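Trainee: Structure in structure tokens, see below.
The values are calculated or read from the model by the stated rules, or taken from the named source; none is laboratory data. Keep in mind it's a predicted model, so treat the numbers as computed, not measured. Every residue, glycine as well, gets a Cβ built from its backbone with ideal geometry; the counts of neighbours run over all protein chains shown. Protein only, heavy atoms only, side chains kept; ligands, DNA and RNA dropped before computing areas. Shrake-Rupley method; radii C 1.70, N 1.55, O 1.52, S 1.80 Å.
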Amino acid sequence: MVMEQDKQLVSVIVPTYCRPVAIIERAIASIAAQTYERVEIILVDDNAEHPEYRENNRRAFSNRDQLVLIENEKNLGGALSRNAGIVASQGSHITFLDDDDKYLPEKIAKQLAFMQEVACDLSFANLNIVNQQEKTVDYREFSNLVDFKTNTLMKYHLQHHITGTPTFMFKREALFRIELFDDISMGQEYILMLKAIEQKLTIRYFDSCDVVAYRHDLGSISQGRNKIIGEKNMYKIKETYFDQLNTKEINYVKFRHRAVLTVAYKRNKQITKALGLALYTACSHPLVLMQSVYQFIRKIQMNRQELEK
């Protein structure tokens, strides 16, 4: 007997830009190896200004089963590339993967079954972030989210960020209802979730980790500057929602903002600014700082042990 979930086509959108074929291949292979068979892969090539990468992708991916290769006529960036893939897709459900990350084999089957069981528009899940040696350096999970009311989700998202993109799975019509990704260079996934909450999609947490994201060296000056600008812009957006938060919650948002900026200044080699902001943050929010550091280290240790069993 064919189960209803086996009749649904799931589309996976993979934007790619200036990435070696071998790295993209890891991502594509992880989708092709899914235990769920009704999957289409939309690979969106954003290399209009880099013909060598475009040609390499044509040779490697033009004639793949389950794969549609789209070539942007001009460079669109990550947000609009994902949108191009979404528009070209045919699936009743849509999910995402960055070109340098990978799925575990049951990601799609498990998440789709969960969404159908709880009847939601959007689900998000845990994310294991590793270094190039496959060691966990961060682990995003949301088990302390107490309910899924709009107000609860908004408060949680403003403080803790319900991300990242590869863990999102949308019903197709729900994704179009919130008008896809906004054309911004930083925080695309954050704004997408913000819109989903504001427009009251039915959102649920799938407590499973089936995506591995790879963290690269983020020390370049251009990336550092983009992160600084992006973080400052994101904070301005959050400030417009402060009337929905109490004083303690606002202070936590401020603490997180300053902590992220401290790291960004350091990576951008603005050491004086980094040290000054770090000292100010530690003095302004000493208890929050200690709690955050303790929880981060404990979470990494626990999940490394669990994942290495």
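Trainee: One residue is enough: does the range 177-192 have a residue meeting the conditions open to solvent by 60 Å² or more (accessible area, probe 1.4 Å) and in a strand (DSSP E or B)?
Mentor: Taking every residue of the range 177-192 in turn, none turns out to be open to solvent by 60 Å² or more (accessible area, probe 1.4 Å) and in a strand (DSSP E or B).
Trainee: What tally of residues in the range 84-98 results from selecting those that are over 15 Å from the mean Cα position of the chain (by Cα) and buried (at least 17 other Cβ atoms within 10 Å of the Cβ)?
Mentor: So the answer is 6.
Trainee: Next up: Failed condition for A22, given (1) open to solvent by 70 Å² or more (accessible area, probe 1.4 Å); (2) among the aliphatic types (A, V, I, L, M); (3) closer than 17 Å to A88 by Cβ, with all others met?
Mentor: Exception for A22: condition (3).
Trainee: Could you list, ordered by first residue, the pairs with Cβ atoms under 6 Å in which the first is in the range 157-170 and assigned to a loop (DSSP other than H, G, I, E, B) and open to solvent by 10 Å² or more (accessible area, probe 1.4 Å) and the second is among the basic types (K, R) and at pLDDT below 95, at least 6 apart or interchain?
Mentor: Final answer for the pair search is none.
Trainee: Here are L122, L175, L153, L127: which of them is aliphatic (A, V, I, L, M), in contact (Cβ under 8 Å) with a residue 60 or more places away in the chain and out of contact with any Lys or Arg (no Cβ under 9 Å at 6 or more places or on another chain)?
Mentor: Testing whether each residue is aliphatic (A, V, I, L, M), in contact (Cβ under 8 Å) with a residue 60 or more places away in the chain and out of contact with any Lys or Arg (no Cβ under 9 Å at 6 or more places or on another chain) leaves just L175.
Trainee: Test D101 against the stated conditions and say whether it is buried (at least 21 other Cβ atoms within 10 Å of the Cβ) and in contact with a Cys (Cβ under 9 Å, 6 or more places away or on another chain). Show your work before the answer.
Mentor: Values: buried (at least 21 other Cβ atoms within 10 Å of the Cβ): yes; in contact with a Cys (Cβ under 9 Å, 6 or more places away or on another chain): no.
Here the answer is no, as D101 does not meet what is asked.
Trainee: Sticking with this one: Test N57 against the stated conditions and say whether it is at negative phi and open to solvent by 60 Å² or more (accessible area, probe 1.4 Å).
Mentor: On the way: at negative phi: yes; open to solvent by 60 Å² or more (accessible area, probe 1.4 Å): no.
No, not satisfied.
Trainee: Here's a follow-up. Restricted to the range 230-253, and to residues that are open to solvent by 50 Å² or more (accessible area, probe 1.4 Å) and of a type in the set (K, R), which residue is nearest to T150 (Cα to Cα)?
Mentor: K248
Trainee: All but one of (1) surrounded by fewer than 18 Cβ atoms within 10 Å (Cβ to Cβ); (2) in contact with a helix residue (DSSP H, G or I) (Cβ under 8 Å, 6 or more places away or on another chain) hold for F148, so report the exception by its number.
Mentor: With respect to (1) surrounded by fewer than 18 Cβ atoms within 10 Å (Cβ to Cβ); (2) in contact with a helix residue (DSSP H, G or I) (Cβ under 8 Å, 6 or more places away or on another chain), F148 is out only on (2).
Trainee: Would you please name the residue that is modelled with the highest pLDDT, looking only at residues in the range 254-309 that are within 19 Å of V137 (Cα to Cα), open to solvent by less than 90 Å² (accessible area, probe 1.4 Å) and of a type in the set (K, R)?
Mentor: R256
Trainee: Name the residue that is surrounded by the fewest Cβ atoms within 10 Å (Cβ to Cβ), counting only residues in the range 27-42 that are touching a residue at least 40 places away in the same chain (Cβ under 8 Å) and under 18 Å from the mean Cα position of the chain (by Cα).
Mentor: Step by step, filter the range 27-42, then rank; the result is S30.
Trainee: Another one. Of the residues V10, V87, V44, which single one is out of contact with any helix residue (DSSP H, G or I) (no Cβ under 6 Å at 6 or more places or on another chain) and closer than 23 Å to T167 by Cα? Please lay out each step first, then the result.
Mentor: On the way: V10 fails: out of contact with any helix residue (DSSP H, G or I) (no Cβ under 6 Å at 6 or more places or on another chain); V44 fails: out of contact with any helix residue (DSSP H, G or I) (no Cβ under 6 Å at 6 or more places or on another chain).
When all the criteria are applied, what remains is V87.
Yes/no matrix, rows are residues, columns are (1) open to solvent by 50 Å² or more (accessible area, probe 1.4 Å); (2) touching a His at 6+ places or on another chain (Cβ under 8 Å); (3) among the aliphatic types (A, V, I, L, M):
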site	(1), (2), (3)
S143	yes, no, no
L153	no, no, yes
S208	no, no, no
V211	no, no, yes
